[in-house]
Amino acid sequence: MTARKIIIDTDPGQDDAVAILLALASPELEVLGITAVAGNVPLSLTQKNALIVCELAGRTDVAVYAGCDAPLTRKLVTAEHVHGKTGLDGPQLPTPKMELQAAHAVEFIIETLRREDAGTVTLCPLGPLTNIATAFQQAPDIVDRVQEIVLMGGAYFQVGNITPAAEFNIYVDPEAADIVFRSGAPIVVMPLDVTHKALTTQPRVDAFRAMGTEPGRMVAEWTDFFERFDKEKYGSEGAPLHDPCVIAYLIQPNLFSGRHINVEVETQSELTLGMTVADWWRVTDRVPNALFMGHLDADGFFALLTDRIGRL
Ligand code: RIB
Ligand code: CA
C-alpha cells in the first residue's frame, strides 16, 4: 500500500504537536513537508516548535518551512492564553538543532503540488489558512491538483471558542478561509463539533505517561498544560485534541461521520467575523462544498493515538 502524501500546515500549539507526532508515527502517511504559519503564537515560535516536534519524533529528515507571519489583511491574533508564551508550554523545551528550509512555505506548497502527480497530495491545515490561501492566490493552477484539504477549523453546534461566533483558526484569517472554502478543492472539515468530543481524560493522559518514552512524556505534559484552559472555560473533563482529528481521519476515516454541506465564512460583520456558516440542515440551495464532520468515536480515536505515539 503506498503511503498517502501530505503537507502539514501548522501553528504549534500543543495539539498541533500531537497531530504532527501522530502523522510521523503512521506508515500510512508520507509527510512531504511541514509548513509553519503564524497563529497560536507568532511565526518565529511556530516555526521553531515544528522543528522541536520533528526532533522529538526522531525525524530530523522532515523538511520544515517558515510561512506567512501575519494574516492576509488583518493584524495577527494569537492564543498565548491557551498555549502559553512558547506555544508549547508544559514541559521544558529543547533548543532545536534542525534548521528550517531556505524556501518559503508558500513556494514549497506551490512547487510540490506542481511536481507531484495531480490528485496525489493532501493539504492538512491545522492553523489559520494564510499559507494555503496565499499559495492559491499566487498559483491558481495548483487548486485542481490538490487531492483533498483536511482541515481543523470552524464550528456549527459549538459556534465559537475565540469569540461567541468564531473558531480560532478561521477567526485569525477569515479572508484566507473564505478563499479556501470557495476554491473548489475537495474539503473535509474537523470543526469544534467533533474536536470537542476528542477530550483527554486522566486515564487517557496516564496512558501517554505510562509509555516511559520522551514523546509519551511530552504529550502528557502538553495536555496537562493545555487542558487547564478548556476545563476552566467549558467545565470539560480534559483538553480537546483538535488537530490530531485531522490526521486520525486520514488513517481511520470511519472514526468520523458528517455531512456534505455548504460552508461559508463571515468576513464582513465585526460581530460574527470568522463564523463558519454551515448549512447543516440544508435549508438553503447553496452548493455543498465541504464534508463537515459532526461525530467522532472518541475511544477509537484515543486507541489509535495511543498506539501510534507509543511507536515513537
Ligand atoms: O480552535 C482550535 C484551533 O486553534 C487548533 O488548531 C489550535 O491549535 C488552535 O490553532
Ligand atoms: Ca493549530
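The values are calculated or read from the model by the stated rules, or taken from the named source; none is laboratory data. Note that this is a predicted model, so its numbers are computed, not measured. Quick reminder, even Gly has a Cβ in these numbers, built from the backbone with ideal geometry, and neighbours come from all protein chains shown. Please note that ligands, DNA and RNA were not included when accessible areas were found on the heavy atoms of the full protein model with its side chains. Shrake-Rupley method; radii C 1.70, N 1.55, O 1.52, S 1.80 Å.
Remarks
- If you run the Gaussian network model on the chain, springs between alpha carbon atoms under 10 Å, then out of LEU93, LEU151, LEU126 the most flexible one is LEU93.
- The stretch 1-65: translational diffusion in µm²/s, Stokes-Einstein, Kirkwood Rh over Cα pairs, 37 °C, 0.692 mPa s: 283
- Note on the chain: GNM, Cα springs under 10 Å; of GLU227, GLU55, GLU99, the largest mean-square fluctuation is that of GLU99.
- Surface composition of the chain: carbon and sulfur atoms hold 51% of the protein heavy-atom accessible area at a 1.4 Å probe.
- At R0 = 45 Å, FRET efficiency that the Cβ-Cβ distance of GLN137 and ASP206 yields, to 0.05: 0.50
- Accessible solvent surface per residue of the stretch 4-69, calculated while the other protein chains remain in place, 1.4 angstrom probe, Å²: 22
- Highest-fluctuation residue, PHE229, PHE302, PHE256 considered, GNM on the chain with Cα pairs under 10 Å: PHE229
- Entries in LYS75/LYS233; LYS5/LYS231; LYS5/LYS48; LYS48/LYS233 that, when Cα-Cα distance is taken, lie over 27 Å: LYS5/LYS231; LYS48/LYS233
- Here the label points at THR2 and ASP307, each 7 Å from Cα along the C-beta direction, are separated by 2.5 nm in the simple model.
- Calculated from backbone phi, Karplus (6.51, -1.76, 1.60) coupling profile of the stretch 179-194 in Hz, x at Gly/Pro: 4, 5, 5, 8, 5, x, 5, x, 10, 10, 10, 9, x, 4, 4, 9
- Taking every C-alpha pair closer than 8 Å and separated by at least 6 residues, the mean separation divided by the residue count of the stretch 1-55 gives a relative contact order of 44 percent.
- Dipole magnitude for the chain: about 240 debye, using +1 per Lys or Arg Cβ and -1 per Asp or Glu Cβ, origin at the Cα centre.
- Leading residue at positive end of dipole, the chain (Cβ point charges), from MET293, ALA57, TRP280: ALA57
- Calculated P(r) of the chain - Cα pairs past 36 Å, %: 8
- Per residue, the stretch 254-312 exposes an accessible area of 51 Å² to a 1.4 Å probe, with every protein chain left in place.
- What the phi angles of the stretch 226-238 give under the Karplus curve with 6.51, -1.76 and 1.60, with θ = phi - 60°, is a coupling list of 5, 6, 4, 5, 6, 4, 5, 6, 9, x, 7, 6, x Hz, glycine and proline written as x.
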